[in-house]
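Structure record follows, encoded as structure tokens.
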Amino acid sequence: MTGVLLIAFLIGQSAPKGFTFKAFDTPNDQGNSITLEWSGDTTPIKIVRIFRADNAVGPFTPAKILFGNIHSYDDKDVQDGKPYYYKIILITTENEIIASPVLGPVSSKPSWFDMSKLPLFIVLSFYILVLLYYILSARKGKEIKLRPIAGLNAIDEAVGRAAEMGRPILFTTGLLSIDNLSTIAALNILAHVAKKAAQYQTRLIVPNYNPAVYTVAEAIVRESFLAAGRPDLFNSDDIFYISSRQFGYAAGVTGVMLREKTAAHFFMGYYFAEALLLTEVGASTGAIQVAGTDAITQLPFFIVTCDYTLIGEELYAASAYLSKDALLSATIKGQDIMKAVIIAFLVILFFVAIGAESLAMKVANLL
């Protein structure tokens, strides 16, 4: 077989009618790649041997051996700007040998723009324009109206209820460290709750799982009480570290709920299997409960056991909603508009696909 391949390579064997062999610079890449494609009315291919040379007369050296019915290959072992010549030998499942003519010169170069990402570029450009429009509108003083989120509107209600009952508020920030996005979002909400608690002269209890989060939470609550003009109400003993063991922390928090008879519970951040333990005990005390997390596995438990739940990105949007900052609100508004456009586009595509399928079936029936 080796001798037959050598003869086929040296003298070339007539390719079947319709057989094509192409070599070109790989499109939409960073360079250093040449794409080879071959096709034709042949039996399934068993082996493909690819040869490469720096000139048309050789010497040709083996570049790659492919096994299976393959019809293309990206040669990434090339240098940009350098000309290459290619030849391939195909062995079919019927042991037919097909030798292609020499093809070249062909060289690689990096693409200026990846055309396969053009739809993404268009969508991103549209989103940037929408975002800039609302940001400029906010800077001009135009009111930015955001869609209501029940869980965020309930935060002030929960704090107010605790104040009316004269009972404390409990706030937890999840089980992840300070470098997690959901924890940062939870601390932003904690700042708002602490400020409201200071205004209503209500005790705020913040048990912590992570020592770093505990330190930041204490500073946030202190600053919030100071900003509300009631630094005298701040009690550092109400912000404390419990344990870095999952169920030990859960036991400690539920113990606080039962001993202190807290009237409002906030579960913000990322939670694991302890989520249901916390919220079930909290629900049994009759407290109003507001949860917010991006932990998909725990969302069902929060929805069932809590009065209000912030789902996924609603937790991240809380800062803009609660602070009423114009620029943050403009950013959220731009995101909402973009989501609406994408949903509308998907719905249109869905009905277009159904219509096209129905039309194809009618044409087939007529034929």
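The values are calculated or read from the model by the stated rules, or taken from the named source; none is laboratory data. The structure presented is a predicted model; accordingly, all values stated were derived computationally and were not measured. Positions of Cβ are backbone-derived with ideal geometry, glycine not excepted, and every protein chain shown enters the neighbour counts.
When LYS87, LYS82 are screened for being surrounded by fewer than 14 Cβ atoms within 10 Å (Cβ to Cβ) and either outside the structural domain of ALA23 (by TED's automatic domain parsing) or farther than 13 Å from THR26 by Cβ (or both), only LYS82 passes.
For the stretch 23-59, a residue qualifies if it is surrounded by fewer than 15 Cβ atoms within 10 Å (Cβ to Cβ), at pLDDT below 90 and in a strand (DSSP E or B), and exactly one does: SER39.
Can you confirm whether SER182 is assigned to a helix (DSSP H, G or I) and either within 15 Å of TYR241 (Cβ to Cβ) or touching a Gly at 6+ places or on another chain (Cβ under 6 Å) (or both)? Spelling it out, SER182 is indeed assigned to a helix (DSSP H, G or I) and either within 15 Å of TYR241 (Cβ to Cβ) or touching a Gly at 6+ places or on another chain (Cβ under 6 Å) (or both).
Looking only at residues of the stretch 245-279 that are over 25 Å from ALA163 (Cβ atoms) and among the charged types (D, E, K, R), we find that the one that is farthest from the chain's Cα centre (by Cα) is ARG245. Within the stretch 98-121, identify whether any single residue is among the acidic types (Asp, Glu), under 34 Å from the mean Cα position of the chain (by Cα), over 30 Å from VAL341 (Cα atoms) and not in a strand (DSSP E or B), and answer yes or no. So far as the stretch 98-121 goes, no, none of its residues is among the acidic types (Asp, Glu), under 34 Å from the mean Cα position of the chain (by Cα), over 30 Å from VAL341 (Cα atoms) and not in a strand (DSSP E or B).
Looking across the stretch 95-113, the residues that are under 17 Å from ASP54 (Cβ atoms) and among the small types (Gly, Ala, Ser) come down to GLY104, SER107, SER108.
The condition (being aliphatic (A, V, I, L, M), modelled with pLDDT under 95 and out of contact with any Cys (no Cβ under 9 Å at 6 or more places or on another chain)) is satisfied by just one residue among LEU170, LEU187, LEU204: LEU187.
When each of ILE303, ILE288 is tested for being surrounded by fewer than 15 Cβ atoms within 10 Å (Cβ to Cβ) and under 29 Å from GLY174 (Cα atoms), the lone residue that passes is ILE303.
Checked against (1) under 26 Å from GLY334 (Cα atoms); (2) in contact with a helix residue (DSSP H, G or I) (Cβ under 7 Å, 6 or more places away or on another chain), ALA295 passes all but condition (2).
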